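A.B. asks: My structure is below; once you've seen it, I'll send some questions.
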Amino acid sequence: MGTLGELERSVMDAIWVHDDGLSAAELRDVLSDRELALTTVHTVLSRLEKKGFVTRDRSIRPHRYLAVSTREDHVAELMTEMLSQAPDRQAVLARFLGTVTEADTKALRNLLGRNHSTQS
Amino acid sequence: MTIVGLILAVLAFLLAWPIPAALARFRGDPISEVVLWQAVGLSGGLSLIGAALAFAVAPGTTSLPQGLLELLRGEAHTQLSLVAWVFLIIAVLLIGRLLGCLVLTFYSARKARLRHDEILHLLSEPSATYPDTRIISTDEVVAYCLPKGPRKGTAVLSTGLIKALDENERTAVIAHERAHLDFRHDVLVIPFAAWHRALPYFSATAIGLNSVNRLIELMADDQARERVDPQILAQAVQSAAEMNPEHRGGLSAQRIRRLSHPLDSTRIPVRLMSIGLAAVLLLVPTLLILTPAAFGI
């Protein structure tokens, strides 16, 4: 069955690909190869809710669980935080790359590359 | 006493501007530089606080500690002039701000690290090849480490980096990240992050923080040399820099240059001299503050 950490990761992976959210029973079925008890799924979900990764839609029964942020947003959050501690001036600029669109990113990258080649 | 205050004020000024500016230009042994930076930071803070306190205690006091004791007992405050009161308030605020920022920086760094760890565990998988290493799925070419207590912590590699580097280069990068974790480089940065937070308008605090952040990268490279071929680590830095325009700054170039040469053979005597110099830097304001003799001048 793996550790609780791994379980949380699998649950998040399932929730991230279901934009409309999932109920606990649906989650158990999606993760059927892990043969989880419904109570285990509930435990993991309430942990994730407490940590702020999922939110519960209580307007319908059974409650549906939705991701608070997309996976990409979380990755960008980590990269931003990590790069903001980097000593390079250029690395500090990179902090903005995570929050702009793909097209902007390419433009910024080109710009950075050009600046570099004119400097050296 | 006014003279001691003036000497400390001059010292605080020297440590706030010309000395950090000179130290930032110095390119030698990174450990020596970090030792000197720590001494400059502490000595600067001591001189600044000492200067304010020296002007604050009642005139005619034989020593600063005694003068402070009299103030604390409430024996001397009636003799204080308005100017002395102003200096006393400045000293108390300064001590509070510096210590407060130190505590705050420590706890906010810890909190950010725990949160980062929580999110990281949802986004990454443990590496099958390397111990205490996690792989995060992103095109960014990054490797970093997340400290967690003494000699523990996680090295993080991106799938982008794994694609960009070969196996030997990856091992070299992990040795670099391990060095950060094993030698607690994060702890060396905390005081400078705190001083910068406390006094952001002092350019010295920004220069100090930036320098120490840069120096720990060089230290990790030097320590990784003991486990991996420096030439391969240099290649890895080069490849990562090529993939990531934002990593191409002066630091990557400096790291590659250093890794391509053997370590400077004079580094041990330089280190001993730096430790001596650091001790002197710390002793001067300490003695000025503590010894009654200094008040005789």
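A.B. asks: State whether the residues of segment B:156-165 include one that is touching a strand residue (DSSP E or B) at 6+ places or on another chain (Cβ under 8 Å), within 10 Å of chain A (Cβ to nearest Cβ) and either more than 25 Å from residue A:72 (Cβ to Cβ) or not in a helix (DSSP H, G or I) (or both). Talk me through it step by step, then tell me what you get.
C.D. replies: Initial filter on segment B:156-165 (touching a strand residue (DSSP E or B) at 6+ places or on another chain (Cβ under 8 Å)): B:156-159, B:161-162.
With the extra rule that they be within 10 Å of chain A (Cβ to nearest Cβ), the set shrinks to B:156, B:158.
Retained after the next criterion (residues that are either more than 25 Å from residue A:72 (Cβ to Cβ) or not in a helix (DSSP H, G or I) (or both)): B:156, B:158.
Checked against the condition, which is being touching a strand residue (DSSP E or B) at 6+ places or on another chain (Cβ under 8 Å), within 10 Å of chain A (Cβ to nearest Cβ) and either more than 25 Å from residue A:72 (Cβ to Cβ) or not in a helix (DSSP H, G or I) (or both), segment B:156-165 yields at least one hit.
A.B. asks: Evaluate the following for residue B:217: is it modelled with pLDDT of 90 or more, of a type in the set (D, E, K, R) and either outside any helix (DSSP H, G or I) or under 30 Å from residue B:44 (Cα atoms) (or both)?
C.D. replies: Working: modelled with pLDDT of 90 or more: yes; of a type in the set (D, E, K, R): yes; either outside any helix (DSSP H, G or I) or under 30 Å from residue B:44 (Cα atoms) (or both): yes.
So residue B:217 fits the description; yes.
A.B. asks: Which numbered condition trips up residue B:151, out of (1) under 25 Å from residue B:235 (Cα atoms); (2) touching a Leu at 6+ places or on another chain (Cβ under 8 Å); (3) surrounded by fewer than 14 Cβ atoms within 10 Å (Cβ to Cβ)?
C.D. replies: (1)
A.B. asks: Does residue B:105 count as buried (at least 18 other Cβ atoms within 10 Å of the Cβ), of a type outside the set (Asp, Glu) and not in a helix (DSSP H, G or I)? Please lay out each step first, then the result.
C.D. replies: Details: buried (at least 18 other Cβ atoms within 10 Å of the Cβ): yes; of a type outside the set (Asp, Glu): yes; not in a helix (DSSP H, G or I): no.
Taking the combined requirement at face value, the residue does not satisfy it.
A.B. asks: Being within 14 Å of chain B (Cβ to nearest Cβ) and either over 16 Å from residue A:9 (Cβ atoms) or outside any loop (DSSP other than H, G, I, E, B) (or both) is the filter here, so list the residues in segment A:38-51 that pass it.
C.D. replies: Filtering segment A:38-51 down to residues within 14 Å of chain B (Cβ to nearest Cβ) leaves A:44-45, A:47-51.
Answer for segment A:38-51, where residues must be within 14 Å of chain B (Cβ to nearest Cβ) and either over 16 Å from residue A:9 (Cβ atoms) or outside any loop (DSSP other than H, G, I, E, B) (or both): A:44, A:45, A:47, A:48, A:49, A:50.
A.B. asks: What is the one condition in (1) free of Cβ contacts under 8 Å to residues at least 12 places away in the same chain; (2) part of a helix (DSSP H, G or I); (3) among the small types (Gly, Ala, Ser) that residue A:59 does not satisfy?
C.D. replies: In the conditions (1) free of Cβ contacts under 8 Å to residues at least 12 places away in the same chain; (2) part of a helix (DSSP H, G or I); (3) among the small types (Gly, Ala, Ser), residue A:59 misses (2) alone.
A.B. asks: How many residues are more than 14 Å from chain A (Cβ to nearest Cβ) and either of a type in the set (Gly, Ala, Ser) or more than 30 Å from residue B:5 (Cα to Cα) (or both) if we restrict to segment B:74-109?
C.D. replies: Here is the first cut: in segment B:74-109, the residues more than 14 Å from chain A (Cβ to nearest Cβ) are B:74-104, B:106-107.
Subset that is either of a type in the set (Gly, Ala, Ser) or more than 30 Å from residue B:5 (Cα to Cα) (or both): B:74, B:76, B:81, B:84, B:91, B:96, B:100, B:106-107.
So the answer is 9.
A.B. asks: Further question: Return yes or no: is residue A:22 away from chain B (no Cβ under 14 Å) and touching a His at 6+ places or on another chain (Cβ under 9 Å)? Write out each step before concluding.
C.D. replies: Working: away from chain B (no Cβ under 14 Å): yes; touching a His at 6+ places or on another chain (Cβ under 9 Å): no.
So residue A:22 does not fit the description; no.
A.B. asks: Same structure again: Could you tell me whether any residue of segment B:227-239 is free of Cβ contacts under 8 Å to residues at least 40 places away in the same chain, within 13 Å of chain A (Cβ to nearest Cβ), in a helix (DSSP H, G or I) and farther than 30 Å from residue B:97 by Cβ? Write out each step before concluding.
C.D. replies: Here is the first cut: in segment B:227-239, the residues free of Cβ contacts under 8 Å to residues at least 40 places away in the same chain are B:230-231, B:234, B:237-238.
Narrowing the set further to residues that are within 13 Å of chain A (Cβ to nearest Cβ) leaves B:237.
Those still in the list that are in a helix (DSSP H, G or I) too: B:237.
Restricting the remaining residues to those that are farther than 30 Å from residue B:97 by Cβ gives B:237.
Checked segment B:227-239: at least one residue is free of Cβ contacts under 8 Å to residues at least 40 places away in the same chain, within 13 Å of chain A (Cβ to nearest Cβ), in a helix (DSSP H, G or I) and farther than 30 Å from residue B:97 by Cβ.
A.B. asks: Same structure again: What residue, of B:207, B:256, B:174, is of a type in the set (Val, Ile, Thr) and crowded, with 22+ Cβ neighbours inside 10 Å? I'd like the intermediate steps shown before the answer.
C.D. replies: On the way: B:207 fails: crowded, with 22+ Cβ neighbours inside 10 Å; B:256 fails: crowded, with 22+ Cβ neighbours inside 10 Å.
On inspection, the qualifying residue turns out to be B:174.
A.B. asks: Tell me, please, whether a residue that is part of a loop (DSSP other than H, G, I, E, B), surrounded by fewer than 18 Cβ atoms within 10 Å (Cβ to Cβ), more than 12 Å from chain A (Cβ to nearest Cβ) and of a type in the set (Ser, Thr, Tyr) can be found in segment B:129-145.
C.D. replies: From segment B:129-145, those part of a loop (DSSP other than H, G, I, E, B) are B:129-132, B:137-142; that's our starting set.
Narrowing the set further to residues that are surrounded by fewer than 18 Cβ atoms within 10 Å (Cβ to Cβ) leaves B:129-132, B:137, B:139.
Those left that are additionally more than 12 Å from chain A (Cβ to nearest Cβ): B:129-132.
Narrowing further to those that are of a type in the set (Ser, Thr, Tyr): B:129-130.
Yes, that holds for at least one residue.
A.B. asks: Scan segment B:78-107 residue by residue and report those that are in contact with a helix residue (DSSP H, G or I) (Cβ under 9 Å, 6 or more places away or on another chain) and of a type in the set (Ser, Thr, Tyr).
C.D. replies: B:105
The values are calculated or read from the model by the stated rules, or taken from the named source; none is laboratory data. Here the structure is a predicted model, which means the values were calculated and not measured. Quick reminder, even Gly has a Cβ in these numbers, built from the backbone with ideal geometry, and neighbours come from all protein chains shown.
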